[in-house]
Amino acid sequence: MKSQRIILTGASSGIGRALALEYARHAARLLLVARRRERLEELANEVRMAGGECEILVADVTDDGASERAVTLALERFGGGDIVVMNAGRGGPMFIDDFDTREVEKVMEVNYFSIVRMIGAVLPVMRSAGKGQLVAVSSLAAYRGMPGSGAYNASKAAVTVLMESIRTELRGSGIDVTTIAPGFVRSEMTDQNEFSMPFMLETDDAARRIVRAIEARRSIYRFPFATSLAIRVLGLLPNALYDRLVRWGRGRALKP
């Protein structure tokens, strides 16, 4: 893992921030991409103090050209990128009574199309080098639709299927494809949820697990086990039973 060159989006908070610090402890060279300059600069100092090398790019991953700028900067500063971790995310509860088409579009832009753009920007460089690793942070929410989470669930399902398709095409090329599918992880995003979240992981714990999965070049990593198992069981239920169960369960799980 030493001296790996890593492009990391969504780096300023949550899982992204924890991943940056985890990789810094292994002396990685990091290009951190996020919108909030002050947070990025603060994180960059922490990364350097932890033993990593760091560059930052203040950019919105949904902007045209942001992915190309990130890849170009990684080439200029590090000579390329060994791993691209596409972690930027947007979410929050949205129920049918307050259905907002513009918000759905924004969720898809951040969670799905930013990944499409980054892959389009970095894949030619990796194919020319004959090596690399594409990593996308999806979610266990990708596997069934949940009340109040339609836009988020749909965006993560799109990510999961896209990465699977790309993986099948790149097998044997020297470029590995990894999909990370966490359950509930403490972050600004999960802080918006109004329901209890079982088997919640602390951010640092999640980051350590993700780094190990990336290092092992896992094709897909679903965690924690208990939540992953529950989702798989839900996936086997007939729709009529599933619909009743999740509506009842959400009512029971609402925070006081």
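For Arg127, state whether it is more than 20 Å from Ile214 (Cβ to Cβ), outside any loop (DSSP other than H, G, I, E, B) and modelled with pLDDT of 95 or more. Show your work before the answer.
Numbers: more than 20 Å from Ile214 (Cβ to Cβ): no; outside any loop (DSSP other than H, G, I, E, B): yes; modelled with pLDDT of 95 or more: yes.
Spelling it out, it is not the case that Arg127 is more than 20 Å from Ile214 (Cβ to Cβ), outside any loop (DSSP other than H, G, I, E, B) and modelled with pLDDT of 95 or more.
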Original post:
Here are Val135, Val110, Val159: which of them is in a helix (DSSP H, G or I), β-branched (Val, Ile, Thr) and buried (at least 22 other Cβ atoms within 10 Å of the Cβ)?
Top reply: Val159
Original post:
What pairs can you find where one residue is in the stretch 73-92 and free of Cβ contacts under 8 Å to residues at least 12 places away in the same chain and farther than 26 Å from Asn111 by Cβ, the other is small (Gly, Ala, Ser) and surrounded by fewer than 22 Cβ atoms within 10 Å (Cβ to Cβ), and their Cβ atoms are less than 9 Å apart, with a gap of 6+ or different chains?
Top reply: none
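Being hydroxyl-bearing (Ser, Thr, Tyr) and in contact (Cβ under 8 Å) with a residue 40 or more places away in the chain is the filter here, so list the residues in the stretch 7-32 that pass it. Walk me through it before giving the result.
Restricting attention to the stretch 7-32, the residues satisfying the condition of being hydroxyl-bearing (Ser, Thr, Tyr) are 9, 12-13, 23.
Residues satisfying the conditions are Thr9, Ser13, Tyr23.
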**OP:** Looking at (1) at pLDDT 95 or above; (2) over 13 Å from the mean Cα position of the chain (by Cα), find the lone condition where Val159 falls short.
**Re:** (2)
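Among the candidates Val104, Val122, single out the residue that is surrounded by fewer than 22 Cβ atoms within 10 Å (Cβ to Cβ) and either at negative phi or of a type in the set (Ser, Thr, Tyr) (or both).
Details: Val122 fails: surrounded by fewer than 22 Cβ atoms within 10 Å (Cβ to Cβ).
Going through Val104, Val122 in turn, the sole match is Val104.
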Original post:
Among helices (runs of 4 or more DSSP H) lying entirely in the stretch 162-256, which contain 3 or more residues that are charged (D, E, K, R) and at pLDDT 90 or above?
Top reply: 203-215
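The values are calculated or read from the model by the stated rules, or taken from the named source; none is laboratory data. Given the structure is predicted, the values throughout are model-derived calculations rather than measurements. With ideal geometry, Cβ positions are generated from the backbone for all residues, glycine too; neighbour counts draw on all protein chains shown.
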